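Since the structure comes first, as structure tokens, the remarks are kept for the end.
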Amino acid sequence: MTKLQIEIGEETDYPGSKIFAALADSIGLSVDLTNFLIIQTSALLLASLFRSYLHTSKVSVSVRHAFGLLVGLFFGYFCFGQQAVHIAGLPAICYVVIRTQNPEFVQRIVMVVALTYLSCIHLHRQYNSNGAYTLDITGPLMIITQKVTSLAFSIHDGFVATENKKELSKNQQYHMIDKIPSPLEYFSYVLNFQSLMAGPLVFYRDYIDFVEGCNFKSHTNSKLDGANKKIVTEPSPVKTVLKKVLASVVCAYIFIKLINVYPIKSVKEDAFIDDTTIIYKFWYLMMMTMAVRFKYYFAWMLADAIVNNAGMGFNGFESDGTAKWDGLTNIYVIPFELGTNIRDCINSWNIGTNSWLRMVVYERAPKQYGTILTFSLSALWHGFYPGYYLTFATGALTVTAARKARRVFRHHFQQTEFSRTVYDVITCLVTRLFMGYITFPFVLLELGASFRLYLRLFMCLHLVALSSIFLLPKLMRGESHARKHSASPLTKTNNHSMSSMTDEMNKKNDDKEDKDNGIAVASTKSNSNHESEESSSSYSSFNNSMNDISDKIHVRKTESNYLLKDLINKEVNKIKDETDNLSNLLKEKIEAANIEGFIDKTVNGIVELKDDLMRMNEPEVYGPTTESLRKRNISNVDLESTTVTKGSTGEGNQSGAFLKKEIDAIKKESTVIPAVLSNGHAK
């Protein structure tokens, strides 16, 4: 975003056009701020003409490129005078590199050249003006740096990684290009009037699709019927533009009112530091940083309205057929101001810069170096004011402490709707308090003044953060402990058996949380960078710096743990039921087989015994037949030894021995049958 770092009405040595100096005096604004408002208002009107009279159905793509480029150069010279040479010089040098260097490493050279150029301008501004310009050249240069570096990485991906697309993320695959832009395409992309002054960042592929009229073709309206869904509609952004313009005016009004009541310079004065209470100091810091934020809200929402009015930023349709124009939105005001944690705030702040940091560093760096490299790039891109780095360090400490405290306290407030509401209100107020405490150095820019005020506040929130990190987890039981003791007996048993699995999952999620915290801290400043000492550009740095914080990850981790435990419990019970069913089935089979065998054997024995007893009453006694003995499995030797013939000697002894043997066999089998019937299976 552009630098608006001087309070309203303050005189500056401004290098841009002073043709509207009389108008500036009459409305009570500085001439540079007046020029900014005039340029952005003109851009809003020209964007509407660009969308209607320079439509792709009426003019060629080259005309659209040329118009955007020429108007952008004029706006740059009007606002920055001779300094406008830098907004043409930086991209010109980078384009020479892109055209002459190997695509395999061109992205690294462009990154070094662009950051070196930008850093020299940062140092020149810091040394000569110390943040005195309301509208200085570093704002557009920071946006140009994002554009040329992201383009270089897209060229690298398109030329080098074509055969290994699987190694690229989906975002990188979408943005990669396989054709070097022509000079007209390149400079139109970098210097187009729609996004030159205050952003938002537009990636090269999205801009080319817009100029060529292809940005609507990939979207269909779900409200249309099946036959008409193939029709590509081009919705009007007028309604969205009017809402954003009105919202930006409201934010400007709030900024003017608040900044007069809570001026930034007051926090440096001895009367404020020595003669006010701690409570009033905290209140003043909260209101002062809020006032500065509304300056950013005004500039960003007006910039969003400009690109939308030109036809950029279309993002498909809602389920009811309403067109969405949030594809290039850089700020969501209400979610930021009412966020219950820092994660919610930074997810709604300076979205374009965060996307750039992820594309060029975080997704490409080795995992062990991704966080530190992202932080380093963000810090270098912001500039060299010490207040920035003090905010970075305090913000990183606070983010870690907030995550620890959330794990200890949050689960106590999730039982009822009322308790959850109370928790949200408390965390919202605490977040506001910490925001003012963390970000005021980014507004002051000065290390000495910031430390002096911190000492007057006794570094209290620093101490609270340190206590939350090192003492709070030891003194109070956390959410995982509460879950463990509230689980059912079966869940406890399964929890014990799978504790190592859960611990490993928690460790991985914590590692991811730490990495996300790193990129959040690294992506801390807004496109509008270093406005004056009283600038809130400083504030934007911190918010982006804490992008993708871990509270959400922790909630998802907790839910995944619960789901994992429930899933394992269900699977264990299912396997147990199946095992019992199989066991019962096997028992039944064994039982059925044994009982049938014993019954057959026993019945046959009883029949044969009856026949033998009946023969004993006859005059002549005969031994069992060969057939009956075969059924009894008696061998031929036994048959011969037990057969009794008519009139033979020793007849009574042989028949008695036979009967005794048969009776003993029946008794033995009769003891088995009750056992089988009583136990249900064979012994």
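Taking a probe of 1.4 Å, how large is the accessible area per residue of region 309-451, in Å²?
I get 38 Å² per residue for region 309-451.
Can you list the trypsin sites (Lys or Arg not before Pro) in region 38-110 that are in a DSSP coil and have 13 or fewer other beta carbons within 10 angstrom? Please list the in-between numbers first.
On the way: sites: R51, K58, R64, R99, R108; in loops: K58.
In loop regions of region 38-110 (DSSP not H, G, I, E or B), the sparsely surrounded trypsin sites (Lys or Arg not before Pro) are K58.
If I model region 77-158 as equal point scatterers sitting on the Cα atoms and use the Debye formula, what is log10 I(q)/I(0) at q = 0.14, 0.23 Å⁻¹?
-0.49, -1.02
In Å², what does the accessible area per residue of region 18-124 work out to with a 1.4 Å probe? All intermediate terms of the calculation are to be shown ahead of the outcome.
Numbers: 5170 Å² over 107 residues.
Per-residue accessible area for region 18-124 comes out at 48 Å².
Once you charge only the Cβ atoms, +1 for Lys and Arg and -1 for Asp and Glu, what is the size of the charge dipole of region 343-481 about its Cα centre, to the nearest 20 debye? Write out the running numbers ahead of the final one.
On the way: 15 positive and 6 negative charges, 75 e Å.
It works out to roughly 360 debye.
Find the eigenvalues of the gyration tensor of the Cα atoms of region 358-446, then list the square roots of 5 times those eigenvalues as equivalent ellipsoid semi-axes, largest first, in whole angstrom. Kindly include the intermediate steps, with their values, before the conclusion.
On the way: eigenvalues 197, 75, 18 Å².
Values for region 358-446, descending: 31, 19, 10 Å.
In the neighborhood of Y117, defined by Cβ-to-Cβ distances under 14 Å, what is the net charge if each Lys or Arg adds +1 and each Asp or Glu adds -1?
Combined, the nearby Lys, Arg, Asp and Glu give +2.
Could you give me the radius of gyration and the Dmax of region 264-386, taking only the C-alpha atoms into account and expressing both in angstrom?
19.0, 59
Tell me the net charge near G81. Cut-off is 12 Å between Cβ atoms, G81 excluded, with +1 for each Lys or Arg and -1 for each Asp or Glu.
-2
Taking 7 Å along the Cα-to-C-beta vector as the label spot, tell me the R99-K58 distance in nanometres, rounded to one decimal.
3.3 nm
Can you check what the net charge comes to around S52, using other residues whose Cβ is under 15 Å from the Cβ of S52 (Lys, Arg +1; Asp, Glu -1)?
Net local charge, S52 excluded: +2.
Measure off 7 Å from each Cα along the Cα-to-Cβ vector at V422 and K324, then give the distance between these two points in nanometres to one decimal.
Those two pseudo-labels are separated by 3.7 nm.
Using a Debye calculation, one point per C-alpha and no hydration shell, please list log10 I(q)/I(0) for region 237-321 at q = 0.15 Å⁻¹ in order.
Values, matching the q order: -0.66.
Taking every pair of Cα atoms in region 21-156, average 1/r, invert it to obtain the Kirkwood radius, and report Rg/Rh to two decimals.
1.04
Which FRET efficiency, nearest 0.05, do H124 and F470 yield, Cβ-Cβ r, R0 45 Å?
Details: r = 43 Å, r/R0 = 0.95.
After rounding, the FRET efficiency stands at 0.55.
Would you please name the trypsin sites (Lys or Arg not before Pro) within region 320-389 that are DSSP coil residues with at most 14 other C-beta atoms within 10 Å of their C-beta?
K367
How big, in percent, is the set of alpha carbon pairs in region 395-479 lying more than 23 Å apart?
Here the tail beyond 23 Å accounts for 32 percent of pairs.
The values are calculated or read from the model by the stated rules, or taken from the named source; none is laboratory data. Owing to the predicted nature of the structure, the values given are computational and were not obtained by experimental measurement. Reconstructed Cβ throughout: ideal geometry from the backbone, glycine too, with neighbour counts over all protein chains shown. The protein model used for the area step is the full one, side chains on, heavy atoms only, and it has no ligands, DNA or RNA in it. Shrake-Rupley method; radii C 1.70, N 1.55, O 1.52, S 1.80 Å.
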